[in-house]
Amino acid sequence: YDTLAQTDKSDYYIIEVGQHIRTVDKKEVAYYFSASKITYLVTFDGKKYPLDYSLEQLEQNLGEQYFRINRQYIIHRDSISQMLKHTKSRIKIILKGMTEPTVISTEKTPAFKEWLAG
């Protein structure tokens, strides 16, 4: 199936978990991340689902509420729990529902600050 067409036109993702198929409203997504070559979405209520899209594909089709902070994460503005200063003008972010911070890459920091202010 054409993954980008589905990403573009629909307000929902079709998620397959084992034998179950469900839909997730795109408005419910707090952030996307990749780990071990799998892309996941995490909803605002903390549920995590695997997706059949790469972060690159998602990044092209998400609105301005989302920002790619580094190679592993695309986050929604409302998913940020805390922001802390880090080395060399980088910013550490703790996302809601996570205990481990993730770091915004040096190249992305100026654009991130602009996005936050936007």
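The values are calculated or read from the model by the stated rules, or taken from the named source; none is laboratory data. Since the structure is predicted, the reported quantities are computational estimates derived from the model, not experimental observations. Heads up, the Cβs are rebuilt from the backbone with ideal geometry, glycines too, and the neighbour counts pull from every protein chain shown. Each accessible area value is taken on the protein alone, full model and side chains, heavy atoms only, with ligands, DNA and RNA left out. Shrake-Rupley method; radii C 1.70, N 1.55, O 1.52, S 1.80 Å.
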Task: Residue that is nearest to residue 17 (Cα to Cα) [pool: residues in the stretch 42-63 that are open to solvent by 20 Å² or more (accessible area, probe 1.4 Å), in a loop (DSSP other than H, G, I, E, B) and not charged (D, E, K, R)] - done: 46
Task: Those residues of the stretch 64-113 which are out of contact with any helix residue (DSSP H, G or I) (no Cβ under 7 Å at 6 or more places or on another chain), open to solvent by less than 50 Å² (accessible area, probe 1.4 Å) and of a type outside the set (A, V, I, L, M), in sequence order - done: 66, 70, 73, 76, 79, 102, 105, 112
